[in-house]
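Following: one structure in C-alpha coordinates, then a few remarks.
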Amino acid sequence: MENQPKLNSSKEVIAFLAERFPQCFSAEGEARPLKVGIFQDLVERVQGENSLSKTQLRSALRLYTSSWRYLYGIKAGANRVDLDGNACGVLDEQHVEHARKQLEEAKARVQAQRDQQRAKKREAGEETAERRPRKPAPRKAAEGEAPRKPRPQAPRPAAERNAAPRQPQAKPVTDTSTLQLGQNIKVKAGKSAMDATILEITKDGVRVQLASGMAMIVRAEHLQF
(Lines give C-alpha, C1' and ligand atoms only; values in the text may rest on other atoms or scores of the structure.)
Protein backbone atom coordinates (compact mmCIF):
# COMPACT_ATOMS: atom_id res chain seq x y z
CA MET A 1 0.00 0.00 0.00
CA GLU A 2 2.91 2.35 0.71
CA ASN A 3 4.16 2.04 -2.87
CA GLN A 4 0.84 3.08 -4.46
CA PRO A 5 1.04 6.41 -6.31
CA LYS A 6 -0.93 9.32 -4.89
CA LEU A 7 -3.80 10.60 -7.04
CA ASN A 8 -3.71 14.40 -7.25
CA SER A 9 -6.62 15.36 -9.53
CA SER A 10 -10.27 14.41 -9.99
CA LYS A 11 -9.40 13.22 -13.50
CA GLU A 12 -6.85 10.78 -12.07
CA VAL A 13 -9.35 9.59 -9.46
CA ILE A 14 -11.97 8.94 -12.18
CA ALA A 15 -9.40 6.99 -14.23
CA PHE A 16 -8.57 4.94 -11.12
CA LEU A 17 -12.27 4.23 -10.46
CA ALA A 18 -12.83 3.22 -14.10
CA GLU A 19 -9.97 0.73 -13.81
CA ARG A 20 -11.00 -0.49 -10.35
CA PHE A 21 -14.75 -0.77 -11.14
CA PRO A 22 -15.02 -1.15 -14.97
CA GLN A 23 -18.63 -2.41 -14.74
CA CYS A 24 -19.66 0.84 -13.06
CA PHE A 25 -17.38 3.71 -14.11
CA SER A 26 -15.96 4.52 -17.55
CA ALA A 27 -13.12 6.84 -18.60
CA GLU A 28 -14.67 7.70 -21.97
CA GLY A 29 -17.88 7.30 -23.94
CA GLU A 30 -21.41 7.38 -22.55
CA ALA A 31 -21.51 6.71 -18.79
CA ARG A 32 -23.95 4.45 -16.95
CA PRO A 33 -26.28 5.92 -14.27
CA LEU A 34 -24.91 5.29 -10.76
CA LYS A 35 -26.66 3.76 -7.79
CA VAL A 36 -28.18 6.22 -5.32
CA GLY A 37 -25.81 6.37 -2.33
CA ILE A 38 -22.83 5.03 -4.25
CA PHE A 39 -20.54 7.55 -2.51
CA GLN A 40 -20.80 5.62 0.76
CA ASP A 41 -20.05 2.39 -1.09
CA LEU A 42 -16.91 4.00 -2.53
CA VAL A 43 -15.79 5.17 0.89
CA GLU A 44 -16.12 1.64 2.26
CA ARG A 45 -14.34 0.01 -0.70
CA VAL A 46 -11.49 2.34 -1.68
CA GLN A 47 -10.90 4.97 1.01
CA GLY A 48 -7.20 4.86 1.85
CA GLU A 49 -6.15 3.26 -1.43
CA ASN A 50 -3.71 5.52 -3.28
CA SER A 51 -4.08 7.88 -0.27
CA LEU A 52 -7.64 8.69 -1.41
CA SER A 53 -9.72 10.84 0.94
CA LYS A 54 -13.48 11.40 1.17
CA THR A 55 -12.99 14.90 -0.21
CA GLN A 56 -11.21 13.57 -3.31
CA LEU A 57 -13.87 10.92 -3.88
CA ARG A 58 -16.68 13.45 -3.50
CA SER A 59 -15.04 15.93 -5.93
CA ALA A 60 -14.37 13.22 -8.51
CA LEU A 61 -17.93 11.90 -8.21
CA ARG A 62 -19.36 15.42 -8.63
CA LEU A 63 -17.26 16.01 -11.77
CA TYR A 64 -18.20 12.60 -13.19
CA THR A 65 -21.96 13.02 -12.70
CA SER A 66 -22.02 16.58 -14.07
CA SER A 67 -20.22 15.69 -17.32
CA TRP A 68 -22.13 15.77 -20.60
CA ARG A 69 -21.45 12.10 -21.28
CA TYR A 70 -23.00 11.12 -17.94
CA LEU A 71 -26.06 13.34 -18.50
CA TYR A 72 -26.50 11.74 -21.94
CA GLY A 73 -26.74 8.37 -20.18
CA ILE A 74 -29.60 9.50 -17.92
CA LYS A 75 -32.52 8.47 -20.12
CA ALA A 76 -35.84 6.72 -19.75
CA GLY A 77 -35.58 2.98 -19.18
CA ALA A 78 -31.90 2.99 -18.13
CA ASN A 79 -30.86 1.07 -15.02
CA ARG A 80 -28.69 2.41 -12.23
CA VAL A 81 -25.69 0.21 -11.36
CA ASP A 82 -23.61 -0.44 -8.25
CA LEU A 83 -19.81 -0.72 -8.10
CA ASP A 84 -19.91 -4.26 -9.47
CA GLY A 85 -22.27 -3.43 -12.35
CA ASN A 86 -25.37 -4.95 -10.75
CA ALA A 87 -28.68 -3.27 -11.68
CA CYS A 88 -30.11 -1.16 -8.83
CA GLY A 89 -33.42 0.04 -10.19
CA VAL A 90 -34.71 1.91 -13.23
CA LEU A 91 -34.31 5.68 -13.44
CA ASP A 92 -37.49 7.52 -12.55
CA GLU A 93 -38.95 10.22 -14.78
CA GLN A 94 -38.00 13.02 -12.36
CA HIS A 95 -34.27 12.23 -12.60
CA VAL A 96 -34.43 11.88 -16.38
CA GLU A 97 -36.12 15.27 -16.74
CA HIS A 98 -33.65 16.92 -14.34
CA ALA A 99 -30.67 15.57 -16.35
CA ARG A 100 -32.26 16.76 -19.61
CA LYS A 101 -32.63 20.29 -18.24
CA GLN A 102 -29.05 20.31 -16.95
CA LEU A 103 -27.80 19.28 -20.38
CA GLU A 104 -29.89 21.92 -22.18
CA GLU A 105 -28.71 24.65 -19.79
CA ALA A 106 -25.06 23.64 -20.23
CA LYS A 107 -25.40 23.70 -24.02
CA ALA A 108 -27.15 27.09 -23.87
CA ARG A 109 -24.31 28.55 -21.76
CA VAL A 110 -21.70 27.34 -24.22
CA GLN A 111 -23.68 28.72 -27.18
CA ALA A 112 -24.11 32.10 -25.44
CA GLN A 113 -20.38 32.28 -24.79
CA ARG A 114 -19.66 31.48 -28.44
CA ASP A 115 -22.09 34.17 -29.62
CA GLN A 116 -20.49 36.69 -27.26
CA GLN A 117 -17.03 35.89 -28.60
CA ARG A 118 -18.22 36.22 -32.21
CA ALA A 119 -19.78 39.61 -31.38
CA LYS A 120 -16.52 40.80 -29.82
CA LYS A 121 -14.57 39.69 -32.91
CA ARG A 122 -17.00 41.53 -35.20
CA GLU A 123 -16.73 44.69 -33.09
CA ALA A 124 -12.94 44.46 -33.13
CA GLY A 125 -12.97 44.04 -36.91
CA GLU A 126 -15.26 47.06 -37.42
CA GLU A 127 -13.09 49.19 -35.14
CA THR A 128 -9.97 48.21 -37.07
CA ALA A 129 -11.69 49.07 -40.35
CA GLU A 130 -12.61 52.54 -39.04
CA ARG A 131 -9.04 53.24 -37.98
CA ARG A 132 -7.52 52.02 -41.23
CA PRO A 133 -6.37 55.07 -43.30
CA ARG A 134 -8.19 55.59 -46.56
CA LYS A 135 -6.26 55.35 -49.78
CA PRO A 136 -5.91 58.68 -51.59
CA ALA A 137 -8.04 59.05 -54.71
CA PRO A 138 -6.13 58.59 -57.97
CA ARG A 139 -4.76 61.81 -59.42
CA LYS A 140 -6.77 63.13 -62.35
CA ALA A 141 -4.90 64.13 -65.45
CA ALA A 142 -4.83 67.86 -66.16
CA GLU A 143 -6.53 69.19 -69.27
CA GLY A 144 -4.45 68.33 -72.30
CA GLU A 145 -2.26 65.93 -70.33
CA ALA A 146 -2.12 62.35 -71.49
CA PRO A 147 -3.28 59.90 -68.84
CA ARG A 148 -0.55 57.90 -67.19
CA LYS A 149 -0.34 54.27 -68.12
CA PRO A 150 -0.25 51.81 -65.24
CA ARG A 151 3.13 50.22 -64.68
CA PRO A 152 3.25 46.58 -65.75
CA GLN A 153 3.73 44.23 -62.83
CA ALA A 154 6.38 41.56 -63.06
CA PRO A 155 4.90 38.05 -63.04
CA ARG A 156 5.45 36.08 -59.86
CA PRO A 157 7.69 33.02 -60.05
CA ALA A 158 5.85 29.76 -60.70
CA ALA A 159 7.04 28.27 -57.41
CA GLU A 160 5.53 31.20 -55.52
CA ARG A 161 2.23 30.99 -57.45
CA ASN A 162 1.85 27.27 -56.81
CA ALA A 163 2.93 27.33 -53.17
CA ALA A 164 0.19 26.33 -50.75
CA PRO A 165 -0.83 29.02 -48.27
CA ARG A 166 0.94 28.68 -44.96
CA GLN A 167 -1.20 27.49 -42.10
CA PRO A 168 -0.83 29.40 -38.83
CA GLN A 169 1.22 27.37 -36.37
CA ALA A 170 -0.67 26.30 -33.24
CA LYS A 171 0.67 27.66 -29.97
CA PRO A 172 0.68 25.59 -26.77
CA VAL A 173 -1.25 26.86 -23.76
CA THR A 174 1.13 27.95 -21.00
CA ASP A 175 -1.28 29.78 -18.71
CA THR A 176 -4.88 28.63 -18.15
CA SER A 177 -5.79 32.10 -16.83
CA THR A 178 -5.81 33.32 -20.45
CA LEU A 179 -8.54 30.83 -21.40
CA GLN A 180 -12.27 31.57 -21.45
CA LEU A 181 -15.39 29.42 -21.22
CA GLY A 182 -16.81 28.63 -24.64
CA GLN A 183 -13.46 29.28 -26.34
CA ASN A 184 -12.58 27.05 -29.29
CA ILE A 185 -9.28 25.23 -28.77
CA LYS A 186 -7.22 22.28 -29.98
CA VAL A 187 -6.59 19.11 -27.97
CA LYS A 188 -3.38 17.26 -28.83
CA ALA A 189 -3.81 13.53 -29.38
CA GLY A 190 -0.49 12.04 -30.47
CA LYS A 191 0.64 13.83 -33.66
CA SER A 192 -2.85 15.16 -34.44
CA ALA A 193 -5.07 17.76 -32.78
CA MET A 194 -8.84 17.70 -32.30
CA ASP A 195 -11.19 20.68 -32.21
CA ALA A 196 -12.83 21.26 -28.83
CA THR A 197 -14.74 23.85 -26.80
CA ILE A 198 -13.87 24.87 -23.24
CA LEU A 199 -16.64 24.01 -20.73
CA GLU A 200 -14.90 24.56 -17.37
CA ILE A 201 -11.50 25.65 -16.04
CA THR A 202 -10.44 24.03 -12.77
CA LYS A 203 -7.25 23.60 -10.78
CA ASP A 204 -7.11 20.00 -11.99
CA GLY A 205 -7.21 20.94 -15.68
CA VAL A 206 -9.56 22.20 -18.38
CA ARG A 207 -12.83 20.39 -19.15
CA VAL A 208 -13.57 20.47 -22.87
CA GLN A 209 -16.14 19.07 -25.24
CA LEU A 210 -14.95 17.48 -28.49
CA ALA A 211 -16.82 17.84 -31.77
CA SER A 212 -18.17 14.32 -31.18
CA GLY A 213 -19.98 15.58 -28.04
CA MET A 214 -17.69 13.76 -25.59
CA ALA A 215 -16.47 15.80 -22.62
CA MET A 216 -13.14 15.26 -20.85
CA ILE A 217 -10.65 17.01 -18.60
CA VAL A 218 -7.33 17.87 -20.28
CA ARG A 219 -4.16 19.30 -18.77
CA ALA A 220 -2.89 22.60 -20.10
CA GLU A 221 0.15 21.05 -21.79
CA HIS A 222 -2.18 19.09 -24.10
CA LEU A 223 -4.03 22.22 -25.30
CA GLN A 224 -3.20 24.52 -28.21
CA PHE A 225 -4.57 27.82 -29.48
Candidate set: segment 81-94, residues that are open to solvent by less than 80 Å² (accessible area, probe 1.4 Å) and in contact (Cβ under 8 Å) with a residue 60 or more places away in the chain; chosen: the one farthest from residue 21 (Cα to Cα): 85
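One line per residue, one yes/no per condition, for (1) of a type in the set (Gly, Ala, Ser); (2) surrounded by fewer than 13 Cβ atoms within 10 Å (Cβ to Cβ); (3) free of Cβ contacts under 8 Å to residues at least 40 places away in the same chain:
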site: 171; (1), (2), (3): no, yes, no
site: 174; (1), (2), (3): no, yes, no
site: 182; (1), (2), (3): yes, no, no
site: 187; (1), (2), (3): no, no, yes
site: 206; (1), (2), (3): no, no, yes
site: 213; (1), (2), (3): yes, yes, no
site: 218; (1), (2), (3): no, no, yes
site: 222; (1), (2), (3): no, no, yes
For segment 10-33, state whether one or more residues are open to solvent by 30 Å² or more (accessible area, probe 1.4 Å), at pLDDT below 90 and in contact with a Phe, Trp or Tyr (Cβ under 9 Å, 6 or more places away or on another chain). yes
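Return the only residue of 145, 127, 104 being outside any loop (DSSP other than H, G, I, E, B) and at pLDDT below 70.
After ruling out the rest, the residue left standing is 127.
The values are calculated or read from the model by the stated rules, or taken from the named source; none is laboratory data. In this text, all values refer to a predicted model and were calculated from it rather than measured experimentally. Cβ atoms come from the backbone with ideal geometry, glycine included; neighbour counts cover every protein chain shown. Just so you know, the surface numbers come from the protein's heavy atoms only, side chains and all, with ligands and any DNA or RNA stripped out. Shrake-Rupley method; radii C 1.70, N 1.55, O 1.52, S 1.80 Å.
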